[in-house]
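Reviewing the structure listed below.
The values are calculated or read from the model by the stated rules, or taken from the named source; none is laboratory data. These numbers were taken from a predicted model, which means no experiment stands behind them. Ideal geometry is used to build each Cβ from the backbone, glycine not excepted, and the neighbour counts take in all protein chains shown. Remember, those area values only see protein heavy atoms, side chains included, never the ligands or the DNA or RNA. Shrake-Rupley method; radii C 1.70, N 1.55, O 1.52, S 1.80 Å.
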Amino acid sequence: MEPSDAELWARSRAGNGDAFGTLFDRHAKLVYNYCFRRIGNWASAEDMLSLVFLEAWRRRDKELPSDKILPWLFGIATNVVRNERRSERRFTIALSRTPTIAPEPDFAGDANERLDDERQAEAALMLLGKLSRREQDVFFLSAVMELSYEDTASALGLPIGTVRSRLSRAQARLRNSIQAVGHEKSESPATEAHEP
Amino acid sequence: MTDKTSFPPLRDLPPGRHDLRKQYLLAEIARESNPRRLSWRGSLGPIHPLVAVPAAAAICVMVIALVVPGFLGHSGSKGNLNVAQPSPLTLRYVRSDGVLSAIPMTVTALSRGATAQIRVVRGTKHSTVVFERSGRIRKAVPSTWLGRSIMRFTWPLVLRPAAWKGGCGHARYRIKVLIKEPHAGKALTSTSFFSCR
């Protein structure tokens with residue numbers, strides 16, 4: 001029988017790297033995709049994935065409820081994304097001054113699909129960029145990654161009521177943005193979150 | 001999220017990357033954990049500074065002597081022997097007047113006949129390839145690793161940022177190297193981001 005997250009986390013806390021490796025196997029894909037959806041770049045998402053798990057290891061003193069390992073990892077990922085954006089912003093202006101060169105596929109075998117992903121995510125991120133940072137954090141976890149209100153609250157260290165209200169504000173704002181640009185057919189990210 | 005989401009579906013890491021990332025992670029946490037396990041100080045009790053400072057200096061000298069051949073007066077063996085396991089990519093950034101002018105680098109492989117594909121990409125969000133070069137890693141270099149004599153193969157070359165597409169400015173760049181070993185598959189290594197100015 002597979003050990004539960006809680007068992008693996010308990011062993012990790014005792015310094016067992018193999019148990020932590022199993023947690024990595026179990027949750028890397030979701031964390032990787034969450035990072036990608038937040039920033040729209042697969043290569044950076046992979047770097048962030050490493051940062052998230054390294055940071056989780058460094059914080060292994062933390063006691064976690066048995067079913068809250070993944071939300072906690074999402075919470076760390078949210079902070080990693082925020083820090084990455086802070087350093088990236090400084091380079092954006094300089095980057096805009098350099099001549100544009102058509103992107104070429106990178107090394108990965110499915111490079112073309114991944115490039116399409118990045119273009120697709122770029123459009124969504126442009127729309128979601130209209131939300132405040134706090135609204136984005138809630139929206140991405142609850143609506144995009146489909147975490148329950150409770151898990152979103154756990155990941156972000158917020159009361160559930162705050163999650164509900166921020167999500168509601170985010171949805172309203174997105175609805176207005178979509179209407180403003182005449183996209184009633186909703187090609188952009190959903191304006192309705194799931195009901196957990 | 002409804003089915004009208006415009007985000008792409010969940011994807012796995014590219015082939016081989018999950019294991020590679022896990023391997024790096026485990027190596028890193030093992031490295032971070034080791035100092036905690038070395039509790040020799042606790043068993044010896046507090047060390048007096050008169051003992052600790054010369055001891056630390058002696059350890060530094062020994063480490064430098066291991067890493068730098070000839071540091072303690074002997075010239076070392078012929079053939080530029082390395083004690084440490086070499087990284088697949090070693091490089092340095094040469095700047096003149098604050099501008100990056102050259103990047104001498106060495107790509108190292110384990111077996112003869114390995115090839116390397118070098119790419120310089122610009123940008124973090126939407127990376128663009130600004131330089132590309134492929135070559136065979138054929139220069140044999142005798143090395144020692146864990147007390148055994150082994151042969152490594154290297155490809156020394158110099159990248160000139162001025163020759164990159166669009167020149168080399170304030171943007172963030174990264175060098176990626178894909179090494180294909182004849183019998184050991186592929187390995188992708190990458191530098192951290194750097195800027196030319």
**OP:** Mind listing whichever residues of the stretch B:90-135 are open to solvent by less than 50 Å² (accessible area, probe 1.4 Å), farther than 27 Å from residue B:182 by Cα and within 13 Å of chain A (Cβ to nearest Cβ)?
**Re:** B:122, B:123, B:124, B:127, B:128, B:130
Original post:
In the stretch A:10-31, how many are at the interface with chain B (Cβ under 7 Å from one of its Cβ atoms), in contact with a Leu (Cβ under 8 Å, 6 or more places away or on another chain) and of a type outside the set (A, V, I, L, M)?
Top reply: 5
Original post:
Only one of these conditions is not met by residue B:150: (1) more than 19 Å from the chain's Cα centre (by Cα); (2) not in a strand (DSSP E or B). Which number is it?
Top reply: (2)
**OP:** Give the residue, chosen from A:118, A:122, that is within 14 Å of chain B (Cβ to nearest Cβ) and open to solvent by 70 Å² or more (accessible area, probe 1.4 Å).
**Re:** A:122
Original post:
In the stretch B:165-194, how many residues are at the interface with chain A (Cβ under 8 Å from one of its Cβ atoms) and touching a Lys or Arg at 6+ places or on another chain (Cβ under 8 Å)?
Top reply: 8
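Somewhere in the stretch A:115-125, is a residue among the charged types (D, E, K, R) and more than 21 Å from residue B:9 (Cβ to Cβ)?
Checked against the condition, which is being among the charged types (D, E, K, R) and more than 21 Å from residue B:9 (Cβ to Cβ), the stretch A:115-125 yields no hits at all.
Evaluate the stretch B:71-87: report whether one residue or more is away from chain A (no Cβ under 14 Å), assigned to a loop (DSSP other than H, G, I, E, B) and at pLDDT 60 or above.
Checking the stretch B:71-87: at least one residue is away from chain A (no Cβ under 14 Å), assigned to a loop (DSSP other than H, G, I, E, B) and at pLDDT 60 or above.
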Original post:
Is it the case that some residue within the stretch A:2-17 is modelled with pLDDT under 90, surrounded by 19 or more Cβ atoms within 10 Å (Cβ to Cβ) and farther than 20 Å from residue B:23 by Cα?
Top reply: no
Original post:
Taking residue A:34 and the conditions (1) hydroxyl-bearing (Ser, Thr, Tyr); (2) within 12 Å of chain B (Cβ to nearest Cβ); (3) surrounded by fewer than 24 Cβ atoms within 10 Å (Cβ to Cβ), which numbered condition does it fall short on, given that it satisfies the others?
Top reply: (3)
Original post:
Among (1) outside any helix (DSSP H, G or I); (2) closer than 20 Å to residue B:30 by Cβ, which single condition is residue A:2 missing?
Top reply: (2)
Subject >> Criterion (modelled with pLDDT of 85 or more, in a helix (DSSP H, G or I) and closer than 26 Å to residue A:71 by Cβ) met by exactly one of A:147, A:127, A:131, A:158 >> reply: A:127
Original post:
Can we say residue B:36 is modelled with pLDDT under 70, part of a helix (DSSP H, G or I) and within 10 Å of another protein chain (Cβ to nearest Cβ)?
Top reply: yes
